[in-house]
Amino acid sequence: MKSPLEQHPDFKLVFHNRQRVFRRAALFGHIGLMESWFDGDVDVEGDIKAAFAAGMSSGMDKATPLVRVRNWWHEFRHGNGSVDHARENARFHYALGTEFYRLWLDDPLMMYTCAYWKEGTTTLEDAQKNKIDHVCQKVLLEPGEKVLDVGCGFGGLMFHAARNYGVDVTGTNITSEQVESVAAKIKSSGQGGRLKVIEADFRDDVGVFDKVISIGVLEHAGRDQVDEVVAAHAAALKPGGLGMLHFIGHVGMRNTEYFIRKHVFPGGWIPSLAETITAMENHGLEVLDIENLRRHYALTLDCWAERFDRSWERIRALDPQRFDERFRRIWRTYLIGCAEMFRSPTERTHLFQILFSKGNVAAGGYPMSRAFLYRNGVAAALKRAA
């Protein structure tokens with residue numbers, strides 16, 4: 001058996017400016033170390049996943065006092081309290097171009113949220129279709145219903161739901177570039193009679209619908225806007241209607257990681273499960289079911305990170321000035337670090353799906369168990385509920 005000195009480490013740090021790295025790490029902890037990596041003052045050789053896992057398991061990812069101050073200042077300057085700030089923050093991330101995302105998301109649906117890895121699933125494309133079907137079946141989509149897709153992204157759910165469930169879908173999105181992309185896809189698909197996309201904030205009044213589906217929206221609501229956004233979701237749902245909230249949530253009240261807010265999602269804020277449920281109760285929504293898909297997100301992020309790395313030269317060629325080495329390191333930190341966070345046995349950031357109704361669901365209005373999702377599908381569930 002080799003001694004510890006003879007064993008090869010999983011990873012090692014190579015310092016190019018030791019003094020500056022140590023100073024930043026002393027002041028800002030893991031944020032200082034990561035930002036030193038972004039700037040090229042230190043390199044990671046070996047298994048970068050192991051580096052992130054080691055940092056989390058050792059507690060190095062805890063915010064220092066100065067990082068808490070930076071987080072407060074970020075909220076003061078970039079919070080999502082106004083629609084203008086929310087639009088600017090969304091563009092920072094989502095206006096990087098459809099072709100950028102196409103190179104590492106599933107194609108053609110391009111779902112940029114947690115996939116659903118049910119038994120036997122082997123590809124990201126199938127896992128994302130699974131997720132859409134899982135959501136559509138939970139809310140019991142029926143032909144002819146009018147559905148609101150809040151924060152519709154690249155429109156994957158809209159097209160899949162219209163084609164496979166016979167529903168009419170209106171998508172909302174605050175990022176002009178994504179709205180234009182979805183509108184062009186609707187026009188070319190010939191589904192203009194069933195699909196519509198609107199440039200709107202997730203707090204805007206866009207009408208009343210039979211079903212409301214909200215995937216990956218609450219994380220962008222902002223620190224003080226969760227109640228307001230939930231209220232808008234409730235207002236958009238007809239009495240007795242069903243809805244879905246699919247979001248990253250904390251267990252317990254805590255600050256959102258500064259790295260994510262500064263470098264990836266400005267203005268973003270991960271709400272707690274408890275405050276989300278309280279907001280739902282305050283606005284007349286009954287919680288019917290909560291499912292935790294934390295482990296599914298780790299697998300999804302693994303796929304994104306692998307595809308991002310594999311496609312890097314093609315990404316860089318899109319715009320060498322924008323997609324430079326610093327961008328690559330920030331996004332590798334985001335994708336790989338978040339995968340390890342969701343995989344961690346101690347981290348308290350999870351992925352929740354909350355099924356809800358507008359008012360208490362009527363007797364016979366919804367199946368008494370989740371069994372229909374895994375056995376006979378929606379048609380049988382509706383027949384039993386009737």
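The values are calculated or read from the model by the stated rules, or taken from the named source; none is laboratory data. Nothing here was measured: the structure is a model prediction, and the numbers come from that model. Cβ atoms come from the backbone with ideal geometry, glycine included; neighbour counts cover every protein chain shown. Heavy atoms of the whole protein, side chains included, go into the accessibility calculation; ligands, DNA and RNA do not. Shrake-Rupley method; radii C 1.70, N 1.55, O 1.52, S 1.80 Å.
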Inset, instruction - Note the count of lysine pairs whose C-alpha atoms are less than 24 angstrom apart in region 99-231, limited to pairs 8 or more residues apart or on different chains. - result: 25
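Tally the DSSP beta bridges in region 136-251 and give the antiparallel ones as a percent, rounded to 5. Intermediate results must be reported in sequence, preceding the final value.
Working: 0 of 20 bridges.
Bridges in region 136-251 are about 0 percent antiparallel.
Roughly how many Å² is the accessible area per residue of the chain, as a whole number, for a 1.4 Å probe? Intermediate values should be presented prior to the final figure.
Numbers: 17770 Å² over 386 residues.
Value returned for the chain: 46 Å² of accessible area per residue.
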Inset, instruction - Would you please give the FRET efficiency between S369 and E281, computed as 1/(1 + (r/R0)^6) with r the Cβ-Cβ distance and R0 = 22 Å, to the nearest 0.05? - result: 0.45
Inset, instruction - Quote the accessible area belonging to R20 in square angstrom, nearest 10, computed with a 1.4 Å probe and with ligands, DNA and RNA left uncounted. - result: 100 Å²
Inset, instruction - Could you work out how far the C-alpha centroid of region 83-122 sits from that of region 300-360, in angstrom? - result: 9 Å
Inset, instruction - Excluding E99 itself, calculate the net charge of residues whose Cβ lies under 13 Å from the Cβ of E99, where each Lys or Arg counts +1 and each Asp or Glu counts -1. - result: +1
Inset, instruction - Go through M244, M60 and list them by solvent-accessible area, largest first, probe radius 1.4 Å. - result: M60, M244
Legend entry - Longest exposed-site-free window of the chain, the sites being GluC sites (Glu not before Pro) in a DSSP loop that have at most 10 other C-beta atoms within 10 Å: 120-386
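Enter the mean projected area of the convex hull around the alpha-carbon atoms of the chain, in nm², rounded to one decimal.
The Cα convex hull of the chain, projected and averaged over all directions, gives 21.0 nm².
I'd like the FRET efficiency for V83 and N292, computed as 1/(1 + (r/R0)^6) with the beta carbon distance as r and R0 of 45 Å, rounded to 0.05.
Working: r = 31 Å, r/R0 = 0.70.
Between V83 and N292 the formula returns 0.90.
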Legend entry - Surrounding net charge for V67, when Lys and Arg each add one and Asp and Glu each subtract one, Cβ distance under 15 Å: +4
Inset, instruction - Return the FRET efficiency for the residue pair T123, Q19: r is the Cβ-Cβ distance, R0 is 45 Å, and the value is rounded to the nearest 0.05. - result: 0.45
Legend entry - Most mobile of S57, S369, S176 in a GNM of the chain (Cα contacts under 10 Å): S369
Legend entry - P(r) histogram, all alpha-carbon pairs of region 65-162 included - 10 Å bins from 0, percent: 13, 32, 28, 21, 6, 0
Inset, instruction - With a 1.4 Å probe and every protein chain kept in, tell me what percent of the accessible surface of the chain is carbon plus sulfur. - result: 53 percent
Inset, instruction - With a point put 7 Å past each Cα toward its Cβ, work out how far A95 is from S272 in nm, to one decimal. - result: 3.5 nm
Inset, instruction - Using 0.36 nm per residue of separation minus the Cα-Cα distance, give me the extension gain between Q321 and V208 in nm, one decimal. - result: 36.3 nm
